[in-house]
2 protein chains.
Amino acid sequence: MASKGEQTRMKLMEIAEQHILQNGFSATSIDDLITEAGITKGGFFYHFKSKHDLAQALMRHYREKDELLFSDLFLRARELTDDPLQQMLVFVKLLSEMMAEIEDLHPGCLVASFTYESHQVNEEIRELTAASILDWRRLFREQIDRINDVRPPNIDVDADTLADMLSTILEGGIIVSRAVNQKDILVRQLLEYRNYLGLLYG
Amino acid sequence: MASKGEQTRMKLMEIAEQHILQNGFSATSIDDLITEAGITKGGFFYHFKSKHDLAQALMRHYREKDELLFSDLFLRARELTDDPLQQMLVFVKLLSEMMAEIEDLHPGCLVASFTYESHQVNEEIRELTAASILDWRRLFREQIDRINDVRPPNIDVDADTLADMLSTILEGGIIVSRAVNQKDILVRQLLEYRNYLGLLYG
DNA sequence: CGAAAACCTGACCCGGGGTACAGTAAAAAT
DNA sequence: ATTTTTACTGTACCCCGGGTCAGGTTTTCG
């Protein structure tokens, strides 16, 4: 089991994620975090040597977490069907269901948070946000290549662009959903991506 | 011509927009703005009664500006063709070209900035961000309705969702472009929306 | 049991941020 | 030309945030 220190560290990271998604990185004060975590300033700086250090740890952690999540959803999709297109359609469906099931508040993404505060974070964090997006591109693109191996698309599209489109709709859908305070918009947008794939390969 | 006060006010708003898009609202200090504008703190508070007041003025201004811009692009599209679908395709094309032409830095959107700092801004600003998105929905939806009047789509899609998809791709495309530092991604994503429309009504 | 390592406390520093306001210069109005 | 309005300047205030540090407590492990 996790040591006491690891638990506190994790707790801080979870609290920080929520704060950053609602308030942004700059407006997330260490005071807020430690108050909610029930520790003191010294305790915070025992775990993280600075606020940026926390942000880096956060990005690293959620990059891994997303990789695992997406891989898992693909695995589940591949158990249901052998057709790459169907697998992709199931993947997006599962993803949309996950998004719908986030109970409290709206879904958010640290990549977007840090991107809109890019001048407030250091180079390592910017690299991590870029790396996350490129992870997703690679993962989605692999599946799209598999689809293309089975049957060509009805019109000529760039595989990377089609892969990025899913990230784009995720990030954009989150913003539009939150801006108008309607959670179902994100789900609908993801399903619209499915429609596009259907027409492209149907 | 604009009075001296109006000019300074505008200058402050322009500087503030850039700062907010790069650093976020919370990290945008009044000191930064007045230094760049060449005035002092007192001068700032002559024009805006608070930082939030500036943010509200900004959102109001850019909501109007976007409305005008989008309307203008539609007008230009309607001069080129009478077919509603072609008009929409031209509109998106013009929009993508505009985005490509922003010389310095990457495109950004205040709606996204404020959305990811929603707990840092007041209710009026949140209402203005929602109103902006709903403006776009109405504008895009009107055009989609015209397309549907001419010919039905090949698959059943919700007109509002299809309208929101353009906002989604815009917002998402901005984030993905900025995150990986490749401006052409946004353009490609917008063109992908065109492809979708093409397949949907082709 | 005892020592070493891990974990945390709480007071303090320092710079910066938003705000207020009294006074001043420049522009506009009469 | 004089008054009035507009557009500021300069300064002082207070709080808040990131970060430091010397020491205290709790775990872990031999």
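Worth pointing out:
- B:Ile125 being within 14 Å of DNA strand D (Cβ to nearest atom) and of a type in the set (Val, Ile, Thr): no
- Test for A:Ile34: is it β-branched (Val, Ile, Thr) and either away from DNA strand C (no atom under 15 Å from the Cβ) or assigned by TED's automatic domain parsing to the domain that holds A:Asp164 (or both): no
- Number of positions in the range B:13-31 that are within 9 Å of DNA strand C (Cβ to nearest atom) and in contact (Cβ under 8 Å) with a residue 24 or more places away in the chain: 2
- Checklist (1) within 16 Å of DNA strand C (Cβ to nearest atom); (2) farther than 25 Å from A:Ala131 by Cα; (3) within 14 Å of another protein chain (Cβ to nearest Cβ) applied to A:Tyr46, failing item: (3)
- Residue in the range B:170-202 that is nearest to the other protein chains (Cβ to nearest Cβ), counting only those that are more than 20 Å from A:Val157 (Cα to Cα) and surrounded by fewer than 24 Cβ atoms within 10 Å (Cβ to Cβ): B:Val180
- Residue satisfying condition, being aliphatic (A, V, I, L, M), buried (at least 18 other Cβ atoms within 10 Å of the Cβ) and closer than 25 Å to A:Glu6 by Cβ, within set A:Leu73, A:Leu54, A:Leu69: A:Leu54
- Every residue from the range A:17-43 that is within 14 Å of chain B (Cβ to nearest Cβ) and closer than 20 Å to A:Cys109 by Cβ: A:Glu17, A:Gln18, A:His19, A:Ile20, A:Leu21, A:Gln22, A:Asn23, A:Gly24, A:Phe25, A:Ser26, A:Ala27, A:Thr28
- Residue match in the range A:116-139 (condition: at the interface with another protein chain (Cβ under 7 Å from one of its Cβ atoms), farther than 30 Å from B:Ile125 by Cβ and of a type outside the set (Val, Ile, Thr)): yes
- Enumeration of residues in the range B:142-169 that are among the charged types (D, E, K, R) and either in contact (Cβ under 8 Å) with a residue 40 or more places away in the chain or crowded, with 22+ Cβ neighbours inside 10 Å (or both): B:Arg146, B:Asp149, B:Arg151, B:Asp164
- Qualifying residue in the range B:121-141 (condition: out of contact with any strand residue (DSSP E or B) (no Cβ under 9 Å at 6 or more places or on another chain), over 26 Å from B:Gln56 (Cα atoms) and surrounded by 14 or more Cβ atoms within 10 Å (Cβ to Cβ)): yes
The values are calculated or read from the model by the stated rules, or taken from the named source; none is laboratory data. These numbers come from a predicted model, not from an experiment. Here the Cβ is made from the backbone with ideal geometry for all residues, glycine too, and neighbour counts use every protein chain on show.
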